[in-house]
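Trainee: The structure follows.
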Amino acid sequence: MIYQTAANPNLQVVLAWLQPALLAIVGIITAWGIGLAKSRGERAEQKAEHVAEVAAISQAAAEKQSATILNVAVATHTLVNSQHGLALATVYEQALRIAQLTNDPADFAKADEAKKNLADHEAKQHAVDIRDAKDAKDAKG
């Protein structure tokens, strides 16, 4: 049933009071919702900044670890190449001594092959040394 405000003056008074009260309540709730959304947005922004900081720290740590691994790999490669060169030199010396003892042409051929292998290794190592020196010079800028 629809009430006529002219026919019911009490209803007119109630509505006159209730309408601004409801508008005030809606305004308060809206302001609260905006404040809540704003604080949630600020918290999300703070979390995003924290994530960015953690990502930067993690990236720096990964780069440092990668550099360490690279240094270890280079040092290991250098050591292995050095030991390989020593082994080739030892093989050549032993093959030459055996050939000199036996005076067998096949043994001299093996000694020549060992000498060639040593020379090939030394030439390749020299090229690597030149490249590494250039890279080190370029890195220093």
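Throughout, read-outs are computed from the coordinates displayed, never taken from laboratory work. These figures come from a predicted structure and were not determined experimentally. Positions of Cβ are backbone-derived with ideal geometry, glycine not excepted, and every protein chain shown enters the neighbour counts.
Trainee: Within region 45-63, is even one residue over 28 Å from Ala133 (Cα atoms) and surrounded by 11 or more Cβ atoms within 10 Å (Cβ to Cβ)?
Mentor: Scanning region 45-63, I find no residue that is over 28 Å from Ala133 (Cα atoms) and surrounded by 11 or more Cβ atoms within 10 Å (Cβ to Cβ), so the answer is no.
Trainee: Considering each residue of region 87-114, count those that are in a helix (DSSP H, G or I) and surrounded by fewer than 11 Cβ atoms within 10 Å (Cβ to Cβ), and give that number.
Mentor: Of the residues in that region, 3 qualify.
Trainee: Basic (Lys, Arg) and over 14 Å from Thr78 (Cβ atoms): does that describe Lys137?
Mentor: So Lys137 passes the test.
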